[in-house]
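> There's a structure below that I have some questions on.
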Amino acid sequence: MHFILSRRCTVKSKIIAITMGDPAGIGPEIIIKAMSEGELAGIPAVVIGCLQTLKRIQALGITPPVELKEIHQVSDAHFSPNVIHVLDEPLAQPASLVSGKVQAQAGDLAYRCVKRAAELAQAGEVHAIATAPLNKEAMHMAGHMYPGHTELLATLTHSSDYAMVLYTDKLKVIHVSTHISLRKFLDTLNQDRIKTVVNIANTFLKRVGFDNPRIAVAGVNPHAGENGLFGDEEINIVSPAVKTMQQQGLDVHGPCPPDIVFLQAHEGLYDMVVAMYHDQGHIPLKLLGFYDGVNITAGLPFIRTSADHGTAFDIAWTGKANADSMATAIKLAIKLA
């Protein structure tokens with residue numbers, strides 16, 4: 001994904017917050033890497049995370065040299081290259097943090113960073129959020145029982161109509177369901193949710209520059225059910241929802257065979273695909289755009305983007321982490337803010 005952020009437009013941009021994610025993962029490393037060099041150096045962004053952990057990462061010599069400057073409120077930041085401003089959210093026991101390991105204090109920190117960022121966004125102090133990956137198990141160990149960023153942010157902002165978007169230049173996917181089992185998805189699938197997600201998709205695409213969005217809705221079953229041969233969800237649920245949205249004037253198509261619709265969108269036939277469940281949308285997008293994909297929560301009162309990968313505990317604090325997806329998430333947050 002390619003964004004051009006000139007120094008001139010960077011200075012005038014609104015401020016974004018970047019959350020550390022799980023400090024035992026690659027989040028601290030990719031944040032420093034993304035913000036240290038090139039067009040992101042000196043951007044109007046504040047990092048919310050454990051300052052001591054960031055300094056521990058830097059001391060390992062695996063990131064470019066940059067000043068980590070603590071601030072106590074967003075207005076204290078004066079942006080310039082080679083400086084990263086940090087709103088400190090300290091770990092309970094920073095010296096005991098172990099890289100690459102699931103830990104309750106790490107999960108609690110990840111939660112607190114997102115909570116603080118959401119509060120700042122709702123107060124108008126920052127205008128978008130870019131999140132580094134968190135670990136769901138660690139967050140659960142700390143008592144924060146959310147399936148992921150999407151559901152956590154929806155709860156913090158009291159948002160009822162929201163959806164996960166995976167975003168690259170050539171393929172954009174929005175999800176009817178995300179972190180639930182396939183059985184629960186099938187048992188709870190309904191027309192209202194599909195119509196809501198199509199509306200969210202249409203609004204989101206217009207916000208990012210598509211004047212007349214073309215939206216494809218994937219089917220549930222192989223070959224979109226083959227007229228009921230492989231299942232009747234398309235006949236009873238998906239197709240009626242699509243027809244309702246067409247009657248409301250939206251350029252929406254479906255139900256489309258899931259094994260071809262993502263390629264069609266990638267080649268330009270559609271601007272976004274409505275995926276029915278988590279892996280239906282994630283697998284094609286991560287195959288075609290793993291390093292430049294961005295995760296966005298659409299439907300919140302503010303923009304939230306995220307690196308589209310996990311905490312990568314196996315390479316945490318080794319210098320091997322690729323910061324491209326984090327950098328793209330930050331650039332997109334700036335663009336959309």
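The values are calculated or read from the model by the stated rules, or taken from the named source; none is laboratory data. Nothing here was measured: the structure is a model prediction, and the numbers come from that model. Quick reminder, even Gly has a Cβ in these numbers, built from the backbone with ideal geometry, and neighbours come from all protein chains shown. Only protein heavy atoms, including side chains, enter the accessible area calculation; ligands, DNA and RNA are left aside. Shrake-Rupley method; radii C 1.70, N 1.55, O 1.52, S 1.80 Å.
> Give the stretch 181-214 a look and list any residue that's over 23 Å from residue 240 (Cα atoms) and in contact (Cβ under 8 Å) with a residue 40 or more places away in the chain, or say none.
Of all residues in the stretch 181-214, those over 23 Å from residue 240 (Cα atoms) come to 181, 206-211.
Passing the criteria: 207, 208, 210.
> Here is a further query. Scan the stretch 115-131 for residues that are small (Gly, Ala, Ser) and open to solvent by less than 20 Å² (accessible area, probe 1.4 Å) and jot them down. Working first, answer last.
Residues of the stretch 115-131 that are small (Gly, Ala, Ser), as a first pass: 117-118, 121, 123-124, 128, 130.
If the condition is that a residue be small (Gly, Ala, Ser) and open to solvent by less than 20 Å² (accessible area, probe 1.4 Å), then 117, 118, 121, 128, 130 are the ones that fit.
> Any idea how many residues of the stretch 287-301 are open to solvent by 10 Å² or more (accessible area, probe 1.4 Å) and either in contact (Cβ under 8 Å) with a residue 40 or more places away in the chain or farther than 29 Å from residue 126 by Cβ (or both)?
Residues of the stretch 287-301 open to solvent by 10 Å² or more (accessible area, probe 1.4 Å): 287-288, 290-292, 295, 299-301.
Those left that are additionally either in contact (Cβ under 8 Å) with a residue 40 or more places away in the chain or farther than 29 Å from residue 126 by Cβ (or both): 287-288, 292, 295, 299-301.
Looking only at that region, the number is 7.
> Can we say residue 106 is closer than 19 Å to residue 306 by Cα and either in a loop (DSSP other than H, G, I, E, B) or open to solvent by 10 Å² or more (accessible area, probe 1.4 Å) (or both)?
no
> Right, next: Residue under question is residue 271, and the condition is that it be open to solvent by 10 Å² or more (accessible area, probe 1.4 Å) and either farther than 30 Å from residue 137 by Cβ or touching an Asp or Glu at 6+ places or on another chain (Cβ under 9 Å) (or both); does it hold?
Numbers: open to solvent by 10 Å² or more (accessible area, probe 1.4 Å): yes; either farther than 30 Å from residue 137 by Cβ or touching an Asp or Glu at 6+ places or on another chain (Cβ under 9 Å) (or both): yes.
Yes: the conditions hold for residue 271.
> Then there is this: Within the stretch 243-270, how many residues turn out to be of a type in the set (S, T, N, Q) and either in contact with a Ser or Thr (Cβ under 6 Å, 6 or more places away or on another chain) or free of Cβ contacts under 8 Å to residues at least 24 places away in the same chain (or both)? Break it down stepwise before answering.
Looking only at the stretch 243-270, we keep the residues that are of a type in the set (S, T, N, Q), and these are 244, 246-248, 264.
Restricting the remaining residues to those that are either in contact with a Ser or Thr (Cβ under 6 Å, 6 or more places away or on another chain) or free of Cβ contacts under 8 Å to residues at least 24 places away in the same chain (or both) gives 246-248.
The qualifying residues number 3.
> OK, next. Could you check, for the stretch 263-278, whether at least one of its residues is aromatic (Phe, Trp, Tyr) and more than 14 Å from the chain's Cα centre (by Cα)? Can you show your working first?
Applying the first criterion (aromatic (Phe, Trp, Tyr)) to the stretch 263-278 yields 270, 277.
Next, only the ones that are more than 14 Å from the chain's Cα centre (by Cα) stay: 270, 277.
Looking for residues that are aromatic (Phe, Trp, Tyr) and more than 14 Å from the chain's Cα centre (by Cα), one finds at least one in the stretch 263-278, hence yes.
> Further, regarding this structure: For the stretch 324-337, check the following and say yes or no: at least one residue is in contact (Cβ under 8 Å) with a residue 24 or more places away in the chain, surrounded by 24 or more Cβ atoms within 10 Å (Cβ to Cβ), outside any helix (DSSP H, G or I) and not polar (S, T, N, Q).
No, that holds for no residue.
> Still on this model: I'd like the full set of residues that are without any contact (Cβ under 8 Å) to a residue 60 or more places away in the chain and either of a type in the set (Asp, Glu) or open to solvent by less than 10 Å² (accessible area, probe 1.4 Å) (or both), limited to the stretch 43-58.
Listed by number, the residues that qualify are 47, 50, 53, 54.
> Let me ask another. Mind checking which pairs have a first residue in the stretch 59-81 that is of a type in the set (S, T, N, Q) and a second that is assigned to a helix (DSSP H, G or I) and surrounded by 12 or more Cβ atoms within 10 Å (Cβ to Cβ), Cβ under 8 Å, 6 or more apart or different chains?
Filtered contacts from the stretch 59-81: 63/29; 63/32; 63/33; 63/36; 63/57.
> Within the stretch 131-147, track down each residue that is part of a loop (DSSP other than H, G, I, E, B) and more than 16 Å from residue 26 (Cβ to Cβ). Walk me through it before giving the result.
Within the stretch 131-147, the subset part of a loop (DSSP other than H, G, I, E, B) is 132-135, 142-147.
Residues satisfying the conditions are 142, 143, 144, 145, 146, 147.
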